[in-house]
Amino acid sequence: MLLGLVPLQPRELRVFDNRFGIRLPYRGTLFDDIDEIRLTPPTLGPCEISVRGQGFGSAARFEGEMFIGPPLVGLNEPELLIRHADFIIRLTSGGLNFETVAAIQGVGRSLDQWADLIRALALMATGRAMLTISGNASIPAVSLPVDQPITGPYLGELPIISEFLDGWQRLLAIAGQHSTATIDFDAFWEANDARMAVDILLNPKPLARFEFQSLGAANLPGPIEGLYFNRCSFADVALTYSAKVFFEQTDDAIWRFRSSSFEALDVRPDVADLDEYGVDQAAAHQLTLVIDPSNITMAPATPRSSN
């Protein structure tokens with residue numbers, strides 16, 4: 001209540017009007033419909049919050065505001081509250097409490113906001129993250145390990161979604177595009193074509209692969225290489241891309257050829273004529289084997305889990 005997180009619910013409310021130092025009881029109806037009162041603790045000004053993992057991966061960075069609560073019985077020092085639109089942090093001498101302020105579903109956020117939030121949650125879910133609070137003139141910077149388990153939905157899917165968001169933003173930057181849409185969390189489950197593009201173009205060991213019963217270039221000398229091109233979209237941006245596909249022969253009696261790796265060739269804003277784009281890309285990279293995206297059948301993805 002003193003931090004303003006939970007409202008006071010008064011059973012009786014007495015209001016006084018102070019006139020010339022004399023308190024006079026207020027007898028009007030102005031405050032009759034007040035059911036709760038929220039306190040606003042004193043602010044210490046803005047601060048920066050960052051969550052980083054091990055290694056050289058990207059951190060998640062946020063701008064928040066820091067508040068200080070009054071000293072409480074049993075505590076040697078007051079409690080600090082850091083507010084952000086998506087989460088709150090309560091900091092005492094005994095530790096740190098991180099909590100999102102709303103359900104992950106049903107709240108619209110921009111692509112940049114989702115990328116930072118999902119990255120932060122995915123890093124904390126590993127149990128090896130470091131949270132740093134800095135940038136406030138009144139409080140020195142503090143870094144604390146996030147080594148306790150976190151709870152919430154889709155913990156198993158968070159790293160996959162975070163990797164997709166970071167990759168999609170990278171493709172947008174390469175293509176000179178930027179997303180301004182507000183999207184819901186459920187949009188990630190419908191982004192199969194965009195996730196496939198990120199996987200093919202940016203993942204050194206992609207999960208996506210092509211399997212064919214036959215290839216017209218199978219009898220050509222040397223390694224089997226082909227061109228794959230397609231368009232994809234997510235939120236308010238559509239892209240067109242191409243990649244070189246390397247094939248290997250298998251021991252499977254039906255699916256005799258399987259892709260072994262990809263090489264990103266091009267990504268750009270969506271083109272008007274996809275077939276013409278494919279012809280131009282094949283000629284530019286001297287590839288005679290061209291995979292028409294209209295002939296590709298997508299295998300079903302693994303269903304999501306909310307645990």
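The values are calculated or read from the model by the stated rules, or taken from the named source; none is laboratory data. Predicted model only: the values in this text are computed from it and were never measured. Positions of Cβ are backbone-derived with ideal geometry, glycine not excepted, and every protein chain shown enters the neighbour counts. Side chains included, ligands, DNA and RNA excluded: accessible areas come from the protein's heavy atoms. Shrake-Rupley method; radii C 1.70, N 1.55, O 1.52, S 1.80 Å.
What is the local net charge at Phe16, summed over the other residues whose Cβ is closer than 11 Å to its Cβ (Lys, Arg +1; Asp, Glu -1)?
+3
Give the relative contact order (percent, whole number) for the chain; include only Cα pairs under 8 Å separated by 6+ residues.
12 percent
At a 1.4 Å probe radius, carbon and sulfur cover how many percent of the accessible area of the chain?
Carbon and sulfur atoms account for 51 percent of the accessible area of the chain.
Under a 1.4 Å probe, what is the accessible area of region 154-296 per residue, stated in Å²?
On a per-residue basis, 52 Å².
Report the relative contact order of region 74-223, percent, no decimals, based on alpha-carbon pairs under 8 angstrom and at least 6 residues apart.
It rounds to 19 percent for region 74-223.
Along region 245-251, what does the Karplus equation 6.51 cos²θ - 1.76 cosθ + 1.60 (θ = phi - 60°) give for ³J(HN,Hα), rounded to whole Hz, x for Gly and Pro?
Values per residue, Gly and Pro as x: 10, 9, 10, 9, 7, 10, 8 Hz.
Net charge around Gly53, counting only other residues with Cβ within less than 10 Å of its Cβ (Lys, Arg = +1; Asp, Glu = -1)?
+3
In deg cm²/dmol, rounded to 500, what helix-only [θ] at 222 nm does the chain give when every DSSP H run of at least 4 residues adds -39500 (n - 2.57) and the total is split over its residues?
-6000 deg cm²/dmol
Once amide H atoms are built 1.01 Å from N in the peptide plane, which residues 5 or more positions from Leu265, or in another chain, come under 5 Å H to H?
Distant-sequence amide H within range of Leu265: Ser242, Ala243, Lys244.
Protein chains only, probe 1.4 Å: how do Met130, Met196, Met124 rank by accessible area, largest first?
In descending accessible area the options line up as Met130, Met196, Met124.
I need the phi-derived Karplus couplings for region 175-191: 6.51 cos²θ - 1.76 cosθ + 1.60, θ = phi - 60°, integer Hz, Gly and Pro marked x.
7, x, 10, 8, 8, 10, 6, 9, 10, 9, 4, 5, 5, 5, 6, 9, 9
Taking amide H atoms as placed 1.01 Å from N in the peptide plane, list the residues 5 or more away in sequence, or in a different chain, whose amide H sits under 5 Å from that of Ala129.
Those lying under 5 Å, H to H, from Ala129 are Val146.
Placing unit charges on C-beta atoms (Lys and Arg positive, Asp and Glu negative, everything else neutral), compute the dipole magnitude of the chain about its Cα centre in debye, rounded to 20.
1060 debye
Report the one residue of Leu131, Leu30, Ala115 whose Cα lies farthest in the direction of the positive end of the charge dipole of region 21-159 (charges on C-beta: Lys and Arg +1, Asp and Glu -1; origin at the Cα centre).
It is Leu131, whose Cα lies furthest towards the positive end.
Using modelled backbone amide H atoms (1.01 Å from N, in-plane), which distant-in-sequence or interchain residues come within less than 5 Å of Val290's amide H?
Leu227
How charged is the neighbourhood of Leu30? Take every other residue with its Cβ under 14 Å from the Cβ of Leu30, and add Lys/Arg as +1 and Asp/Glu as -1.
-1
With unit charges on the beta carbon (Lys/Arg positive, Asp/Glu negative), name the residue among Thr40, Ala173, Ala187 whose Cα is farthest towards the positive pole of the charge dipole of the chain.
Highest projection toward the positive end goes to Thr40.
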